[in-house]
Amino acid sequence: MAHGARTPDENPLTLPSFVPPRRPSNQKLSTYSKVCFALGGVPYQMTENVIGFYLPIFLLDIVQLQAWEVSLVQFVGRAWDAITDPTVGFLVSRSPRTRLGRFMPWIVFSTPFAVVFYFLLWFTPPFGSCGSCKVGWYLTFYCLFKMVLNVLHVPYASLTMFLSHKTEERDSATAYRMGVELFGILLGALVMSAFKVSDSKKCSMFNESNSSHQNNSISESSIQEKEAYKMAAIVVAVIYLVCILLLFVGVRELKVSSPMTRRPSRQALPSQLHLMFTHQPYLKLTACYVFTSIAQQLLQGNMGIFFKHALHMANLFQYLVITVLVSAVICLPVCQWLLKVVSKTRMIMFGMLWWIPFLIALVTVPRNVPIAFIACAACGLTVATTSLIPWSMLPDTIMDFKRKYGDYPGQEALFYSFYVFFNKFAVGICLAISMLILDSVGYETCKDNTRSLELTLRLLMAPAPIIFGLIGISALICYKV
């Protein structure tokens, strides 16, 4: 490959000779590049949703932590996760550009640490009955994994703005990304389902151990369960590595420069942040994303416990999760097609209103397997809209900001990092509070729980998500770019 003169903002690093040439800015984004870009989003979404669906169950049922201890791990971990987002965004925005671009080096070099920390998050250390030791272990690796995952996700999300100059191309790439990410989430659920031991076996083992007063003995079923989580973690880690490799090989970021571009300076950062936090479309979109995410995460975080203790469908839980995700994958191209005739704001409003009758039916009708599957399938449309639309609207909001206030190199990372920061912080608080509420009404693993617990789970599965969802879409009523 021929080398031209080095531009002033390029870092003279010696890079591998196999790095492909940069794609011309006026060239149409190929399907191959869109698919490779989309695969880069799989590690974040797959691990986040596996952790969201299965980590509370793992910590409660396998590690035998108390509900308040799980709440502590979730809250502190998500708070740390939220804090690291703007930190990473600031560092990425100030990082020099290389022949790989500004974002790709962060993504590549964070990957080995991420897969190691992810595996250790599902490892059960021999701490015996030392509860504080267990809490310390899982809190440490939860925080470490979330931190390096942000080092992947913030640059990756910012990369969207540098795929193409055309809004249609970026929207198309975002649709590819969301479709592949939902498939990745489904793949993660299938991996966990393939290795997961049924709840009936776990509770049988738990009750036999308690009845014989052999709490220090570890049954063969318990060992198999712990090994199953380890094997599932290894498979997910391998998928993580493969997806990042394909992203590295198939995607090149554009080098964007325009007469409006201003040179970065230390003095410019406070004014940038002031303008960003007073930009009304950005604030309204962020509020929508935060509250709709809280609604979805409350449903996700309590779904396993709800089906186990309120509807007594513990052995169907994994199939219900897969139903939601398959439905979301199917609905995503439908949502993308509808965007040609329906505005993005109306589409997300419809998605959040759509699931209300199905959630109400799920929590009010007594144990009914067909209704449970119908409700989960219907919720897939809401998952698809909340996954696609907010991320599709963010580039439009950033472009509106640039038209009004000008362009600073690296400011995209700040927009994306604070967008995620507020979401993670708010979701972390709500999930921690929901776990504390369960602890206050006497939740215990593999025990007959009270009617107050059942009522609490029903409230967390329908009224709470519905209310947060309505607040979220109300923020978009006056949204305009």
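Checking the table Lys34/Lys344; Lys28/Lys480; Lys308/Lys344; Lys226/Lys308; Lys340/Lys402; Lys402/Lys424 against a 31 Å threshold on Cα-Cα, which pairs fail?
Checking Cα-Cα distances, Lys308/Lys344 exceed 31 Å.
So what's the stretch 377-446 giving for Rg/Rh, alpha carbon basis, Kirkwood Rh from the mean inverse pair distance?
A ratio of 1.19.
Can you give the convex hull volume per residue for the Cα atoms of the stretch 336-427, as a whole number of Å³?
Taking only Cα atoms, the stretch 336-427 has a hull volume of 126 Å³ per residue.
In the stretch 294-326, whose amide N lies under 16 Å from the spot 7 Å out along Cα-to-Cβ of Phe373? List them in ranges.
Counting only backbone N, you get 313-326.
Can you send over the carbon and sulfur percentage of the accessible area for the stretch 282-342, probe radius 1.4 Å, protein chains only?
Result for the stretch 282-342: 71 percent of the exposed heavy-atom area is carbon or sulfur.
Report the per residue volume, in Å³, of the convex hull enclosing the C-alpha atoms of the stretch 364-481.
So the per-residue hull volume is 143 Å³.
Under a point spin-label approximation (7 Å from Cα along Cα-to-Cβ), what is the Asp400-Trp354 distance to one decimal in nm?
2.3 nm
Can you tell me the length gained on complete extension of the stretch Gln280 to Ile429, counting 0.36 nm per residue apart and subtracting the Cα distance?
Once the chain is fully extended between Gln280 and Ile429, it gains 51.2 nm.
Pulled fully out, how much extra length does the chain show between Phe119 and Thr31, if you take 0.36 nm times their separation in residues and subtract their Cα-Cα distance?
Residue separation times 0.36 nm, minus the Cα-Cα distance, leaves 28.4 nm.
Label point 7 Å out from Leu455 along Cα-to-Cβ: which residues of the stretch 353-397 have amide N under 20 Å?
360-367
For q = 0.16 Å⁻¹, what log10 I(q)/I(0) does the stretch 153-197 give under the Debye formula with an equal point scatterer on each alpha carbon and no solvent?
Treating every Cα as an identical point scatterer, log10 I(q)/I(0) equals -0.55.
Please give the contour-minus-distance gain from Ile330 to Ser343: 0.36 nm per residue of separation, less the Cα-Cα distance, rounded to one decimal in nm.
That pair, Ile330 and Ser343, stretches by 2.7 nm at full extension.
The values are calculated or read from the model by the stated rules, or taken from the named source; none is laboratory data. Please read these numbers as outputs of a predicted model, since none were measured by experiment. Note that each Cβ is placed from the backbone with ideal geometry, even for glycine, and that neighbours are counted across all protein chains shown. For the accessible areas, the whole protein counts, side chains as well, though only heavy atoms, and no ligand, DNA or RNA atoms are used. Shrake-Rupley method; radii C 1.70, N 1.55, O 1.52, S 1.80 Å.
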